[in-house]
Amino acid sequence: MLAAINVDASEQKKTVLKEHYVLDRIRVFYTNDGNGAVAPDDVDESGIPDQVENVARQIWAAHHLYCKVLNFPDPFESERYEGVTCIQVSLRDRNEMGGGNGIAFSSSQRARQIPEGKKEDRALVIAIASQVDPLKNVTPAHELFHLIQYGATYFKNPWFLEGLARWSEHGLGRDGIGDIKYSQQGPWPQNAQHFQQLVKMKYDAEFILWNPIAARTDRDGLLTDEMLGKEILSLHYCDGTPVLRDRLLQGSEVMREILIELGKQDDIAFEELKYEKWTAENQRAPENAPYLYKGIMDALRRHVPDVGPYEIRMPDRSTTGEATTKEN
């Protein structure tokens, strides 16, 4: 899968997309002609291209699974996104997006006016490459999870942002948790050398941090019928394929707690690092790493009692965020 890109809405190139489709609070804009045209297939004969409906259904399902079923912080309820009423999705040619499959924008904006909407509507914005087939690719769900991260914390360090979003893909994908390249038994926290490697990663952080944490705290990860409910269980793509590909998602409870904890840690980082405001630069600053990792370890410790202490070294805050370990 090509890399997803995360930028602010102000950086987005404006593209006029004449067609739109609405599914609950998901609004998908697209074109049937020219550059970036979606595939014309309409198996269910709804009058809407299957690709458009399938993108909307995947995004709706990801939001429903994480925010309604698993109680992750809902961006619609975030203080950061007060007044937001919808998620606006643009399907556009990959070349207009810098070569990536998806972009999740961290700033809300005035929603594009449509007959089904209201003048005062505000939107969270996602762009998905028109070359993406949701039947084979969970990029739409990945980008939706970024909106959950944005609503929960200002931290945007790639090893957190992309690594955790890669873990989230298993919620709508198949084949369980995926690769694990770090011992589930630890040591937790990871030693300084491992941590220095971790904070330089992006997507691969899934394999040495997020998947091992998930497997360590949740052996089976079974999503039961009772948990999921009929609405998401009955949701299918246009060809009849279930949107929820399997019932396995290890680590959802600890990941939810981590996001909540990071919403507290970013306040501490903001004060101690003397940020005047959250800029694009300081949201990704290496100096955030110790605060991020402390929040992760504090949440993990509630599930795994033998996780050792992790302290942010003061007053010299190293960009590597080496741990100071003490005997319990």
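The values are calculated or read from the model by the stated rules, or taken from the named source; none is laboratory data. These figures come from a predicted structure and were not determined experimentally. We place every Cβ from the backbone using ideal geometry, glycine too, and count neighbours over all the protein chains shown. Heads up: the accessible areas ignore ligands, DNA and RNA and are worked out on the full protein's heavy atoms, side chains in. Shrake-Rupley method; radii C 1.70, N 1.55, O 1.52, S 1.80 Å.
A few remarks follow.
- Residue count for segment 15-45, restricted to those that are in contact with a strand residue (DSSP E or B) (Cβ under 6 Å, 6 or more places away or on another chain), open to solvent by 40 Å² or more (accessible area, probe 1.4 Å) and among the aliphatic types (A, V, I, L, M): 0
- Filter result for residue 225 (touching a Gly at 6+ places or on another chain (Cβ under 9 Å) and within 30 Å of residue 133 (Cα to Cα)): no
- Among the residues making up segment 239-283, those that are crowded, with 18+ Cβ neighbours inside 10 Å and of a type in the set (Asp, Glu) are 257, 261, 266.
- Hits in segment 142-170 - residues which are closer than 24 Å to residue 29 by Cα and open to solvent by less than 10 Å² (accessible area, probe 1.4 Å): 142, 143, 144, 145, 146, 147, 148, 149, 150, 165
- Residue within segment 153-167 that is of a type in the set (Ser, Thr, Tyr), part of a helix (DSSP H, G or I), closer than 18 Å to residue 295 by Cβ and under 22 Å from the mean Cα position of the chain (by Cα) present: no
- In the set (1) open to solvent by 60 Å² or more (accessible area, probe 1.4 Å); (2) without any contact (Cβ under 8 Å) to a residue 60 or more places away in the chain, the condition left unmet by residue 48 is number (1).
- Cβ-Cβ contacts under 6 Å between residues 6 or more apart (or on different chains), taken from a first residue in segment 86-111 that is in contact (Cβ under 8 Å) with a residue 24 or more places away in the chain and within 18 Å of residue 156 (Cβ to Cβ) to a second residue that is open to solvent by less than 10 Å² (accessible area, probe 1.4 Å) and charged (D, E, K, R), are listed as 102/143; 104/143.
- Hits in segment 93-134 (condition: part of a loop (DSSP other than H, G, I, E, B), open to solvent by 50 Å² or more (accessible area, probe 1.4 Å), out of contact with any helix residue (DSSP H, G or I) (no Cβ under 6 Å at 6 or more places or on another chain) and at pLDDT 95 or above): 112, 113, 115, 116, 118, 119, 120, 133
- Filter result (over 19 Å from residue 139 (Cα atoms) and either aliphatic (A, V, I, L, M) or at pLDDT below 90 (or both)) within segment 36-57: 43, 48
- Of all residues making up segment 81-92, the number that are out of contact with any Ser or Thr (no Cβ under 8 Å at 6 or more places or on another chain), in a strand (DSSP E or B) and farther than 21 Å from residue 36 by Cβ: 2
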